[in-house]
Amino acid sequence: MPSEQWTHPEPGDGPAAVAAQPSPEQVIAGLRATSEGGAELTQLLTPEGERVPSPQFDKYVEDVDAEALRGLYRDMVLVRRADREANAMQRQGQLGIWVPLLGQEAAQVGSGRALKPNDMAFPSYREHGVAYARGVDMKDLLGIFRCTDHSGWDYKAHGFHPYCIVIGNQVLNAAGYAMGQKFEGKVGDDDGEATICYFGDGATSQGDVHEGFVWAAVYDAPLVFFCQNNQWAISEPTERQSRLPLYQRARGYGFPGIRVDGNDVLACLAVSRWALDECRHGNGPVLIEAFTYRMDAHTTTDDPSRYRLSDELEEWKLKDPIERVRAFLARGGYADQAFFDSVQADADAFAADLREYTFNMPEPPPERIFSNVYAEGNPVLDAQREEFLSYLDGFVSAGEH
């Protein structure tokens, strides 16, 4: 049996490899398949900014003209600039922690812009670009990392759920929400609703993710599982977690999986539109593996130099998601230097506004922690609030004497 049978098993290709007894060649092929994009990688813009035609997905970006592509470029530049500013503010003690998205702008902006107003997105803790695409004020994100807020936005109005810190837990929440959409008859045509759930490659080793796969598959839930495979689950590479490419796991649950170039904003937009369309018409769920790279630390408490080589980072810098769009726009004459300069100026102003807000962010009153715990009043919670405030008042009284 050829070694590729282990990494690319197809019906009719012969007996599948026995998981308990793979040959050394099969193991090596499996590990290699998790670290390379492979022939099945969907790509519409190369790292050099050249357009790649796709008979399957071109129709999903027919409306993306030069103006729209300039808009996607601007989105990514602003999101990256905000990310870099927040990273710096954490180093200055203004934020307790920050979770960088550097290198993953295309995956987030492309998929985020594919959503319709009635769709719902369930993020983990790194989806700042999706939040931006859904109209969430990025100032509302900063309170989470300054430890003054959980989420300051109206998640129903924006179709963007609060951040989830527990690895993989948002997948169960998303599965339940998508099942509700199915039960309420909100799928079946062009006006149907869909849900998208974001998680990283590391989360695919969590039981919650697989439970979400099972429930979504059983109930044909309109749910797009969007895995941002940034190659590193904190300090462990993807090949330590899966012998198969992650998108192929969908086959075991009975729904389609696809691998897209996560550094290609146009491909991410097209593939996400296709997957969401499948779901809103009742053909879900779908798994998307956005093959990208985390060009910064897992969080600001992490030191990636301890577990990965600088050569790897330099290789991925050549695949930068922003630079390939810039190259395409410049080569085609769709944007000039004045445009790029104006976008950078807008990004700097955007970051300065976030910085000004963060440095002057008001401290919430102590009773804030009791707000919005329940939809209606609760006598037990009310009693706890009064006891807590009375306790704090005791310190004030003691200081007066």
Among the residues in segment 37-51, are any touching a residue at least 40 places away in the same chain (Cβ under 8 Å), in contact with a Phe, Trp or Tyr (Cβ under 8 Å, 6 or more places away or on another chain), part of a helix (DSSP H, G or I) and surrounded by 21 or more Cβ atoms within 10 Å (Cβ to Cβ)? no
Within the set of pairs 6 or more residues apart or between chains, which connect a residue that is not assigned by TED's automatic domain parsing to the domain that holds Tyr73 inside segment 333-346 to a residue that is surrounded by 10 or more Cβ atoms within 10 Å (Cβ to Cβ) with Cβ atoms less than 6 Å apart? none
Would you confirm whether any residue within segment 176-184 is in the same structural domain as Ala250 (by TED's automatic domain parsing), crowded, with 23+ Cβ neighbours inside 10 Å, at pLDDT 95 or above and of a type outside the set (D, E, K, R)? yes
List, please: which pairs have Cβ atoms under 7 Å, are six or more places apart or on different chains, and start with a residue in segment 257-269 that is within 9 Å of Gly37 (Cβ to Cβ) and end with one that is polar (S, T, N, Q) and in a strand (DSSP E or B)? Arg259/Thr42; Asp261/Thr42
Can you name every residue in segment 128-145 that is in contact (Cβ under 8 Å) with a residue 40 or more places away in the chain and in contact with a Leu (Cβ under 8 Å, 6 or more places away or on another chain)? His128, Gly129, Tyr132, Ala133, Met138, Lys139, Leu142, Phe145
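Among residues belonging to segment 186-200 that are more than 17 Å from the chain's Cα centre (by Cα) and not aliphatic (A, V, I, L, M), point out the one that is nearest to Glu236 (Cα to Cα).
The extreme case among them is Glu193.
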Qualifying position, being in the same structural domain as Gln181 (by TED's automatic domain parsing) and surrounded by fewer than 22 Cβ atoms within 10 Å (Cβ to Cβ), among Gln92, Gln104: Gln92
Of the candidates Leu329, Leu276, Leu287, Leu313, the one satisfying the condition of being surrounded by 15 or more Cβ atoms within 10 Å (Cβ to Cβ) and more than 22 Å from the chain's Cα centre (by Cα) is Leu329
Within the bounds of segment 201-213, is there any residue that is buried (at least 23 other Cβ atoms within 10 Å of the Cβ), closer than 15 Å to Gly180 by Cα and over 14 Å from the mean Cα position of the chain (by Cα)? yes
Any idea which of (1) within 22 Å of Tyr177 (Cβ to Cβ); (2) out of contact with any strand residue (DSSP E or B) (no Cβ under 8 Å at 6 or more places or on another chain); (3) touching a residue at least 40 places away in the same chain (Cβ under 8 Å) is the one Arg326 doesn't satisfy? (1)
Identify, please: which residue in segment 59-85 is more than 23 Å from the chain's Cα centre (by Cα) and within 15 Å of Val265 (Cβ to Cβ) and is, among those, surrounded by the most Cβ atoms within 10 Å (Cβ to Cβ)? Ala66
Got at least one residue in segment 287-295 being part of a loop (DSSP other than H, G, I, E, B), aliphatic (A, V, I, L, M) and either assigned by TED's automatic domain parsing to the domain that holds Pro47 or touching a residue at least 60 places away in the same chain (Cβ under 8 Å) (or both)? yes
From the list Arg74, Arg80, which one is assigned by TED's automatic domain parsing to the domain that holds Arg324, more than 24 Å from Ile165 (Cβ to Cβ), in a helix (DSSP H, G or I) and of a type outside the set (Gly, Ala, Ser)? Arg74
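From the list Phe183, Phe145, Phe160, pick out the single residue that is hydrophobic (A, V, I, L, M, F, W, C) and more than 21 Å from Ser371 (Cα to Cα).
Phe183
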Exactly one of (1) more than 28 Å from the chain's Cα centre (by Cα); (2) more than 22 Å from Leu142 (Cα to Cα); (3) surrounded by 13 or more Cβ atoms within 10 Å (Cβ to Cβ) is unmet by Phe370. Its number? (2)
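The values are calculated or read from the model by the stated rules, or taken from the named source; none is laboratory data. Bear in mind the structure is a predicted one, so any value in this text is a computation, not a measurement. Neighbour counts run over all protein chains shown; Cβ positions are idealised from the backbone, glycine included.
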